[in-house]
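Reading through the structure tokens given below for one structure.
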């Protein structure tokens with residue numbers, strides 16, 4: 001007797017099949033209306049999906065929540081595109097839109113690529129993460145009880161961040177050891193920059209995020225007056241800077257260099273959008289060096305790359321991850337959303353920063369990334385004033 005032919009298929013599984021297929025169709029329909037979105041030519045593109053759903057309906061071990069299953073399909077479809085593209089659920093979309101730049105976090109700087117766990121590439125000095133013993137190279141295999149393997153970089157960061165100092169539950173894989181930790185969050189950098197001047201050393205301007213007010217408000221009021229006509233050199237510290245606005249990074253670069261061609265973003269179809277820094281640079285003659293590490297990403301990579309190539313500034317540190325891309329935000333009808341990469345950046349020479357990252361002029365090993373080591377390598381590069 002054929003057992004399968006005499007078994008009744010539970011109504012719940014029929015519902016799962018219908019819900020999942022409807023969800024996939026809904027997502028494809030949404031994509032048709034995004035700029036550059038694909039337009040399926042024929043319904044036969046769903047044959048594989050239909051086969052998959054039939055197997056789940058008839059042969060899968062247990063019944064699953066169809067909403068969660070459909071959301072998993074969305075996540076996999078978008079998150080696998082590249083490190084910056086992301087599917088955000090309704091709850092995460094609300095958190096993404098509510099960001100102010102003053103979020104609390106444990107103090108770990110992570111990189112995340114699809115089908116790999118988020119990896120700690122830096123730990124902020126004095127942060128809760130450092131105090132609890134999180135180390136460079138640790139893998140975060142779960143955040144708030146959720147497996148992180150299929151998460152996007154954006155989703156991972158949103159789950160780690162908050163608006164309070166409540167504990168974040170994370171699971172850390174370190175070699176063969178697994179640690180379950182409750183890590184506090186803290187507001188580590190109330191301002192988007194830190195400026196320090198010490199006698200006998202170059203001044204250090206550390207950018208924490210390229211906030212929209214950084215150049216025209218914060219730096220012009222608090223930093224530029226101290227640097228103009230001063231007999232000092234400056235270090236622009238972009239270590240662990242991942243967040244902010246690309247336009248603000250362009251304005252920041254324009255403080256140090258004037259360039260009709262500072263590089264370009266390449267959009268879909270090979271269309272290139274040139275980037276210029278047309279204003280007269282207020283700090284154009286200031287001796288300068290730049291610090292980077294594996295946590296230098298996005299707008300900070302852009303700034304470091306342009307200063308290195310156009311102004312010939314020496315860059316010291318560790319190679320960067322190559323995440324200089326423009327993303328666009330698209331709301332979906334169920335209040336979820338997607339982030340899609342719409343352009344990637346190359347320097348005037350044609351050297352891509354996207355995916356390839358920035359190579360420092362003076363490299364430091366991963367076990368020598370403290371400020372003392374950076375200063376030892378930087379001071380010989382700067383003129384004695």
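State whether the residues of segment 342-351 include one that is in contact (Cβ under 8 Å) with a residue 12 or more places away in the chain, surrounded by fewer than 17 Cβ atoms within 10 Å (Cβ to Cβ), outside the structural domain of residue 158 (by TED's automatic domain parsing) and under 28 Å from residue 121 (Cα atoms).
So far as segment 342-351 goes, yes, one or more of its residues are in contact (Cβ under 8 Å) with a residue 12 or more places away in the chain, surrounded by fewer than 17 Cβ atoms within 10 Å (Cβ to Cβ), outside the structural domain of residue 158 (by TED's automatic domain parsing) and under 28 Å from residue 121 (Cα atoms).
Which one of these is in contact with a helix residue (DSSP H, G or I) (Cβ under 8 Å, 6 or more places away or on another chain), surrounded by fewer than 20 Cβ atoms within 10 Å (Cβ to Cβ) and under 23 Å from residue 90 (Cα atoms): 197, 146?
Selected residue: 146, the only one of 197, 146 that is in contact with a helix residue (DSSP H, G or I) (Cβ under 8 Å, 6 or more places away or on another chain), surrounded by fewer than 20 Cβ atoms within 10 Å (Cβ to Cβ) and under 23 Å from residue 90 (Cα atoms).
Of the residues 92, 61, which single one is more than 16 Å from residue 337 (Cα to Cα) and either part of a loop (DSSP other than H, G, I, E, B) or modelled with pLDDT of 85 or more (or both)?
61
What number goes with the only condition from (1) at pLDDT 95 or above; (2) under 20 Å from residue 289 (Cβ atoms) that residue 230 does not pass?
In the conditions (1) at pLDDT 95 or above; (2) under 20 Å from residue 289 (Cβ atoms), residue 230 misses (1) alone.
In segment 64-86, what residues are in contact with a strand residue (DSSP E or B) (Cβ under 8 Å, 6 or more places away or on another chain), in a loop (DSSP other than H, G, I, E, B) and either within 10 Å of residue 338 (Cβ to Cβ) or at pLDDT below 65 (or both)?
81, 85
Which one is surrounded by the fewest Cβ atoms within 10 Å (Cβ to Cβ) among residues in segment 302-339 that are closer than 22 Å to residue 370 by Cα, touching a residue at least 60 places away in the same chain (Cβ under 8 Å) and within 20 Å of the chain's Cα centre (by Cα)?
Checked segment 302-339; the qualifying residue surrounded by the fewest Cβ atoms within 10 Å (Cβ to Cβ) is 321.
Could you count how many residues in segment 252-275 are free of Cβ contacts under 8 Å to residues at least 24 places away in the same chain, within 14 Å of residue 349 (Cα to Cα) and part of a loop (DSSP other than H, G, I, E, B)?
Number satisfying all stated conditions: 1.
Could you say whether any residue in segment 234-252 is over 22 Å from the mean Cα position of the chain (by Cα) and either buried (at least 22 other Cβ atoms within 10 Å of the Cβ) or closer than 30 Å to residue 384 by Cβ (or both)?
Checked against the condition, which is being over 22 Å from the mean Cα position of the chain (by Cα) and either buried (at least 22 other Cβ atoms within 10 Å of the Cβ) or closer than 30 Å to residue 384 by Cβ (or both), segment 234-252 yields at least one hit.
Out of the strands (runs of 3 or more DSSP E) lying entirely within segment 169-237, which hold 1 or more residues that are more than 23 Å from residue 138 (Cβ to Cβ)?
It comes to 193-196, 203-207, 234-237.
Out of the residues in segment 168-192 meeting the condition of being loosely packed, with under 15 Cβ neighbours inside 10 Å and free of Cβ contacts under 8 Å to residues at least 24 places away in the same chain, tell me which one is nearest to residue 108 (Cα to Cα).
182
The values are calculated or read from the model by the stated rules, or taken from the named source; none is laboratory data. On a predicted model such as this, the values are computed, not experimentally measured, just so you know. All Cβ positions, even for glycine, are placed from backbone atoms using ideal geometry, and neighbour counts span all protein chains on display.
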